[in-house]
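Visitor: Below are the C-alpha cells for one structure; questions will follow.
The values are calculated or read from the model by the stated rules, or taken from the named source; none is laboratory data. Quantities reported herein were computed from a predicted structural model and do not represent experimental measurements. Glycine also receives a Cβ, built like all others from the backbone with ideal geometry; neighbour counts cover every protein chain displayed. Each accessible area value is taken on the protein alone, full model and side chains, heavy atoms only, with ligands, DNA and RNA left out. Shrake-Rupley method; radii C 1.70, N 1.55, O 1.52, S 1.80 Å.
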Amino acid sequence: MTDITRTLEILDRLIAFPTVSRDSNLDLIDWVQNLLQTAEFDVTRIWSPDCTKAGLFARIGPGVDGGVCLSAHTDVVPVDGQVWTRPPFQLTDEGARVYGRGTTDMKGFLASALALAERAGETPLSAPLSLSISYDEEIGCVGIRHMMPDLKQLIGNPRLVIVGEPSSMQVATGHKGKAALKVTCHGQAGHSALAPQFVSAIHIAADFVQQTRRLQNQLAAGPCDDAYSLPYSTVHIGKITGGRALNIVPDTAQLDMEFRHLAQIPVQDIQSQIEAVAHQVSRAYPSVPPITVEAINTYPGLHIDASDKCVAWADSLAGHFGITKAPFGTEAGFFTGLGLKTVVIGPGDMATDGHKPDEGLNKTELRACDAMMDNILVS
C-alpha cells in the first residue's frame, strides 16, 4: 500500500492557507516556492497584474524535451453561507477520508505533486519534471491566462501535461469551453403612471430571455458529444438586474449570462448566435439604443482524441481507472493552445465534493494519485 504520510503532511499545510480567490495566495506561494527550491527545482514566480497574487513555474531534470508537467491551481471557492461540521481551513483526518476546503478541488493533487517534487530532488531524472501552479482558476481561469506569456517561454515541450482536477483518477480527454457575457438592454425612463408610453428595458430583457431559450433548443438539436451527460452546448442566464424604483419605467436592464460550448465548436460561433438574438430583439424597439453584448471572460475547451498515444500513456501512469470527459472547465485548454498534449487526471469527485460544505477526499484516491506520481518519477 502506498505510503501517503508525506502527502498528507503537505496537504495539511496547504489547507491551512485560506486561499479563497478574492484573497491573496502569497503566503501559500512563499511556502511552496521554498519547498521546491529546497528540492533543487528552478523556480520562477509569475506575478498577477496587481502583484497581490502569484503563480509558479518550477522545473528539474535534464534540459531536454519530454517528461511531464503537472498543473494545479492554488485558489479555492468561498465557504460563506455554507454549513460546515468541520473546520474548513484545517485538515480533519477521519481515517478513510480527510476533510477541508480544497481537499478535492484541488489541493489534494497539489500536495501529491509537491511530495513527488521532494522525491524528484533526490533522484537522478532521465526526463524533466515541471510544475505549473496558478491562481484565480475558480473565477474563470483568469490567472493561467495572465501566466501564459511567461509559461510559453518556460514550459518547453513536455511529453504530457496533466491538469490535476478531480476526475476519480480517470483520464479526462475533454471538457467544454466557456464564455461569460454581459448583456445590456436600454429603455426609456418615465413615470410609471404613464408606463405604456415608454419602452421598458425589462420588457426588452424579457424578450431576449425568451429568444435565448429558443436558441438553447437549437443548440440541443445541433452538434453533440455523447460522452457528456449534457451532450450539446448550453446557454444560461444567471442574473438579471434592472430598474431604479417601482414608480420609474426602467431605462436599463443587465443580464449576466454564459455559454458552455463543445470544444470542437469555435467560441465565436455561439457568441455570434447570441449577438444575432440581440439584434433581432432590438429591431422591435427602434426608439432606444440596441442591446449590447460584451464578452467578460472566456476559457477554451479541451478535446484530445481518445486514440491518441498520449491517452494510453496517461492511463498507464494513472493506474488504468478508465477514460472519461469532465463536465466542468479546467485550465487544460490553455496548454493545448501551446500545442502540448494535455489530459485531466486527479483524485476526488467534483459531483460529490466540489464546492460543497464538508468537502472531502478519500485516502484511496490520494494513494492512487501518489502511485501515479511514482510512475511519473520512473518513466
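Visitor: Please indicate, with yes or no, whether at least one residue in region 273-289 is modelled with pLDDT under 95 and of a type outside the set (A, V, I, L, M, F, W, C).
Guide: There is no residue in region 273-289 that is modelled with pLDDT under 95 and of a type outside the set (A, V, I, L, M, F, W, C).
Visitor: Only one of (1) of a type in the set (V, I, T); (2) touching a helix residue (DSSP H, G or I) at 6+ places or on another chain (Cβ under 7 Å); (3) closer than 21 Å to A180 by Cβ; (4) open to solvent by less than 30 Å² (accessible area, probe 1.4 Å) is not met by T252, so which one is it?
Guide: (4)
Visitor: Same structure, new question: Within the set of pairs 6 or more residues apart or between chains, which connect a residue that is in contact (Cβ under 8 Å) with a residue 24 or more places away in the chain inside region 115-142 to a residue that is of a type in the set (G, A, S) and exposed (fewer than 15 other Cβ atoms within 10 Å of the Cβ) with Cβ atoms less than 8 Å apart?
Guide: From residues that are in contact (Cβ under 8 Å) with a residue 24 or more places away in the chain, the pairs are P128/G63.
Visitor: Next up: Quick one: which of T298, T364, T352 is open to solvent by 10 Å² or more (accessible area, probe 1.4 Å) and in a strand (DSSP E or B)?
Guide: When all the criteria are applied, what remains is T298.
Visitor: In region 158-200, which residues are of a type in the set (K, R) and surrounded by fewer than 24 Cβ atoms within 10 Å (Cβ to Cβ)?
Guide: The initial filter retains those residues of region 158-200 that are of a type in the set (K, R), namely 159, 176, 178, 182.
Of everything in region 158-200, those that are of a type in the set (K, R) and surrounded by fewer than 24 Cβ atoms within 10 Å (Cβ to Cβ) turn out to be R159, K178, K182.
Visitor: Are any residues in region 228-249 more than 30 Å from P289 (Cα to Cα), open to solvent by less than 60 Å² (accessible area, probe 1.4 Å) and in contact (Cβ under 8 Å) with a residue 24 or more places away in the chain, and if so, which ones? Spell out how you get there, then give the answer.
Guide: Initial filter on region 228-249 (more than 30 Å from P289 (Cα to Cα)): 228-232.
Retained after the next criterion (residues that are open to solvent by less than 60 Å² (accessible area, probe 1.4 Å)): 228, 231-232.
Those that are more than 30 Å from P289 (Cα to Cα), open to solvent by less than 60 Å² (accessible area, probe 1.4 Å) and in contact (Cβ under 8 Å) with a residue 24 or more places away in the chain: Y228, Y232.
Visitor: Can I ask one more? Only one of S272, S282, S287 is of a type in the set (G, A, S) and part of a loop (DSSP other than H, G, I, E, B); which?
Guide: S287 is the lone residue from the list that is of a type in the set (G, A, S) and part of a loop (DSSP other than H, G, I, E, B).
Visitor: Report whether or not G55 is among the small types (G, A, S), under 21 Å from P149 (Cα atoms) and in a loop (DSSP other than H, G, I, E, B).
Guide: no
Visitor: Looking at region 1-52, which of its residues are surrounded by fewer than 16 Cβ atoms within 10 Å (Cβ to Cβ), part of a helix (DSSP H, G or I) and in contact with a Gly (Cβ under 9 Å, 6 or more places away or on another chain)?
Guide: Once the filter is applied, which keeps residues that are surrounded by fewer than 16 Cβ atoms within 10 Å (Cβ to Cβ), part of a helix (DSSP H, G or I) and in contact with a Gly (Cβ under 9 Å, 6 or more places away or on another chain), region 1-52 yields only T38.
Visitor: Can you pull out the residues in region 333-349 that are farther than 11 Å from P166 by Cβ, hydrophobic (A, V, I, L, M, F, W, C) and surrounded by 20 or more Cβ atoms within 10 Å (Cβ to Cβ)?
Guide: Correct list: F334, F335, V343.
Visitor: Listed residues R97, R119, R101; which is over 23 Å from the mean Cα position of the chain (by Cα) and open to solvent by less than 50 Å² (accessible area, probe 1.4 Å)?
Guide: Values: R119 fails: open to solvent by less than 50 Å² (accessible area, probe 1.4 Å); R101 fails: over 23 Å from the mean Cα position of the chain (by Cα).
From the options R97, R119, R101, the qualifying one is R97.
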